[in-house]
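Some notes on the structure that comes next.
The values are calculated or read from the model by the stated rules, or taken from the named source; none is laboratory data. Treat the numbers as computed from the prediction; the structure is a model and nothing was measured. Cβ placement follows ideal geometry from the backbone for every residue including glycine, while neighbour counts extend to all protein chains displayed. SASA here: full protein model, heavy atoms, side chains in, ligands and nucleic acids out. Shrake-Rupley method; radii C 1.70, N 1.55, O 1.52, S 1.80 Å.
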Amino acid sequence: ITLSYEAELSNNARLSGRIENNYIYLINDFDPTGTDSEELLAETAYNFTNLRLSFRSNQQKDFNFSVNPTIGQYFNGFRTGVQGNLNFRYQPFGQLSVNYAYNYFKMPYLKSSRQTILIGPRLDLTLSKSIFITTVLQYNSQIENMNLNARLQWRFAPVSDFFLVYTDNYFTDFMNDPTNRFLTEIRNRSIVAKLTYWLNI
């Protein structure tokens, strides 16, 4: 059950809020924190209420952002968090953006609180009318992973491109590692090339 309110402001920004009342019946064991913690048992039911807000600034501006906080009950515990993004355009050369998400869980069946963090900066560069670079760096605490993805695109003819993509993934269990090891264990690493050519017959 949801009660919501939405408004579009005179500067093209958008604001919304909603109160949600949820009923969930688990047919399987489930970890609501997504942190490989102890699971709630199957064949149990939960009714909880939370508040969600959202604000998105004018997307036509060179600098724009969104922020979406959440707070309230969560299954048989408490959850608060925020997610959103920041964007900065510097035309015609490119764009810098950052996506983020943070969640804090306090569940009575767990001995301590849990938290998840996701942050992902992205850089898009236009070097010329035919050469583009996109680089994405993402940290995800749920899967203890740091990912780097860099792509070079060369448009050598209409609808015809050469792509060179470099990907790197690392284990990042530094928060639970007494040696403070960081970015030392590689999950996988790859370089991929792709060529597309448009045949206009």
Residue match in the range 90-103 (condition: touching a Lys or Arg at 6+ places or on another chain (Cβ under 6 Å), buried (at least 16 other Cβ atoms within 10 Å of the Cβ) and farther than 24 Å from Y166 by Cβ): no
Restricting the range 150-165 to residues that are open to solvent by less than 50 Å² (accessible area, probe 1.4 Å) and free of Cβ contacts under 8 Å to residues at least 24 places away in the same chain, the residue that is farthest from E185 (Cα to Cα): Q153
Unique residue being hydrophobic (A, V, I, L, M, F, W, C), under 30 Å from I133 (Cα atoms) and assigned to a strand (DSSP E or B) when the list is F105, F88: F88
Among residues of the range 144-184, those that are outside any strand (DSSP E or B) and modelled with pLDDT of 85 or more, counted: 3
Inter-residue pairs, beta-carbon under 8 Å, first under 10 Å from T172 (Cα atoms) and open to solvent by 40 Å² or more (accessible area, probe 1.4 Å) and in the range 122-148, second modelled with pLDDT under 95 and among the charged types (D, E, K, R), 6+ apart: E144/D173
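Which ones in the range 6-57 are within 23 Å of A101 (Cα to Cα) and aromatic (F, W, Y)? Can you show your working first?
Applying the first criterion (within 23 Å of A101 (Cα to Cα)) to the range 6-57 yields 6, 13-22, 30-39, 48-57.
Matches in the range 6-57: F30, F48, F55.
Against the definition (touching a residue at least 60 places away in the same chain (Cβ under 8 Å), over 21 Å from A7 (Cβ atoms) and out of contact with any Pro (no Cβ under 8 Å at 6 or more places or on another chain)), how does R114 come out, yes or no?
So R114 fits the description; yes.
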Qualifying positions in the range 112-127 - under 16 Å from Q83 (Cα atoms) and of a type in the set (S, T, Y): T116
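Among the residues of the range 73-93, write down those that are under 21 Å from the mean Cα position of the chain (by Cα) and of a type outside the set (A, V, I, L, M, F, W, C).
Across the range 73-93, the qualifying residues are Y74, R79, T80, G81, Q83, G84, N85, N87, R89.
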The range 1-59: number of residues that are open to solvent by 90 Å² or more (accessible area, probe 1.4 Å), closer than 18 Å to Y74 by Cα and hydroxyl-bearing (S, T, Y): 2
Cβ pairs under 6 Å, 6+ apart, first in the range 62-73 and without any contact (Cβ under 8 Å) to a residue 24 or more places away in the chain, second assigned to a strand (DSSP E or B) and of a type in the set (F, W, Y): V67/F55
